[in-house]
Amino acid sequence: MPETTPPSPPNDPVDAARVTAPARMGVAPAAAPTAEPTPAPPPELPTAHWGPVHLLAVVVFVAGCWAAKELLVPVLLAVFLALVAIPLVTRLHRWHVPRWIGAFFVVFGGLALAVTVSGQLVAPASEWLQKAPTELRQVAPKLRGLVRQVNEANKAAASVVSAAGAAPAGATRAQETSLQAKPPDVWSLLRAAPKLLAVIGAVILLSYFFVVYGLDLQRRAISLLPSRHQKRVTADILQTIEVELSRYVLTITTINIVLGALVAAVLVLLGIPLGDALLWGALAGLCNYAPYIGPLVGTIMLALVGVVAFDEPSRMVLPPLCYLGLQLLESQVLTPIILGRRWSISPLVVLLWLLFCGWLWEIPGVLLAVPMLVCFKIVAERVEGLQGWSKVIE
């Protein structure tokens with residue numbers, strides 16, 4: 001059996017006493033303290049770094065959207081019309097109505113209702129288009145009555161100028177000529193009619209097929225994703241967009257219909273004929289789809305209606321003032337109460353996005369701007385690395 005050599009005592013007597021004292025008392029010496037392991041730092045989340053490649057990709061994407069606007073605009077309009085119809089079709093499907101039958105009744109029933117309402121508005125609209133040049137020529141004399149003091153000041157200034165040797169008659173004549181409105185080009189409207197009808201037909205058919213086959217298309221597209229996590233996140237994003245955006249578009253549509261009906265009722269009470277009142281109420285409801293820009297256009301439109309329809313200055317200002325009051329009640333009270341803070345987006349971001357989409361796709365872009373911004377907010381809230389953008393636009 002090999003011999004074991006006892007450990008040599010420490011050289012320092014104090015250390016020897018510390019080691020041998022517990023041994024004499026029958027207690028095992030305490031183990032030397034070990035340093036605690038430092039916890040590993042948490043893994044850093046990947047951050048997006050914008051570089052020249054990303055900026056070039058954004059520029060190429062925007063250029064592609066501008067170049068393909070004739071294809072993208074009908075598709076996006078059909079998608080959002082389908083989002084309005086999906087809740088109604090789902091409700092009918094729960095009542096054991098086949099999906100294709102429910103989609104047929106909802107989509108083409110809505111089309112029939114729109115055609116019926118438009119048919120009631122065709123007569124006053126065509127009448128306004130025919131008499132618009134004559135009526136707009138009468139705007140200037142009526143406005144001169146409203147700004148008589150300004151005209152007197154202009155006359156005083158003109159007398160001073162004429163005393164100095166100038167001849168302002170040419171400027172006055174040019175100003176009166178510029179006030180005359182040009183009649184609309186009817187032939188250009190007729191040439192654009194077949195293309196417009198084709199686009200409307202494509203939007204209606206696409207919206208019908210999106211309602212019927214959109215769910216199967218989503219499932220097949222999600223099944224192509226490689227990982228389960230990506231499938232789950234994508235399914236959650238698509239379901240949230242479908243539910244929340246359908247609710248948003250349907251709510252805004254209901255609010256705008258009520259607003260247009262109230263504007264029409266107020267115009268009838270002010271003495272405007274029923275057909276004209278329905279026309280301007282419908283246009284006011286359509287303008288309200290575009291925040292900030294739409295109410296401004298509606299105010300200018302109803303101000304012209306007041307100037308054309310009435311002769312007294314006190315009655316001229318009533319249509320735009322009533323519209324402004326109803327619009328402020330809707331935007332500041334009703335819409336925040338109904339929608340809550342779920343879709344609270346910065347007004348500056350909304351206005352910049354409206355200007356960008358209007359530059360990119362003109363009037364359809366203005367109508368689609370806010371729903372697209374809502375979709376981006378939904379995506380940014382659920383995709384890792386984009387949560388900061390959802391906070392930026394709030």
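The values are calculated or read from the model by the stated rules, or taken from the named source; none is laboratory data. Values in this document were obtained by computation on a predicted structure and should not be read as measured data. Note: ideal-geometry Cβ built from the backbone for every residue, glycine included; neighbour counts use all protein chains shown.
Of note:
- Looking only at the range 229-250, and only at residues there that are of a type in the set (Val, Ile, Thr) and within 20 Å of Phe210 (Cβ to Cβ), the one that is surrounded by the most Cβ atoms within 10 Å (Cβ to Cβ): Val249
- Count - residues of the range 197-227 that are part of a helix (DSSP H, G or I), of a type in the set (S, T, N, Q) and more than 14 Å from Gly110 (Cα to Cα): 2
- Pair list, Cβ < 7 Å and 6+ apart or interchain, from the range 96-120 residues that are more than 27 Å from Gly260 (Cα to Cα) to residues that are part of a helix (DSSP H, G or I) and of a type in the set (Lys, Arg): none
- Residues in the range 344-369 that are touching a helix residue (DSSP H, G or I) at 6+ places or on another chain (Cβ under 6 Å) and at pLDDT 85 or above: Val349, Trp353, Leu354, Cys357, Gly358, Leu360, Trp361, Pro364, Gly365, Val366, Leu368, Ala369.
- Of the set (1) buried (at least 16 other Cβ atoms within 10 Å of the Cβ); (2) closer than 20 Å to Gly260 by Cβ; (3) not hydrophobic (A, V, I, L, M, F, W, C), all apply to Gln332 but (1).
- Number of the condition not met by Val97 [criteria: (1) modelled with pLDDT of 65 or more; (2) β-branched (Val, Ile, Thr); (3) in a helix (DSSP H, G or I); (4) farther than 30 Å from Gly358 by Cα]: (3)
- Looking at Asp276, Asp311, just one residue is charged (D, E, K, R), more than 30 Å from Thr240 (Cβ to Cβ) and not in a helix (DSSP H, G or I), and that residue is Asp311.
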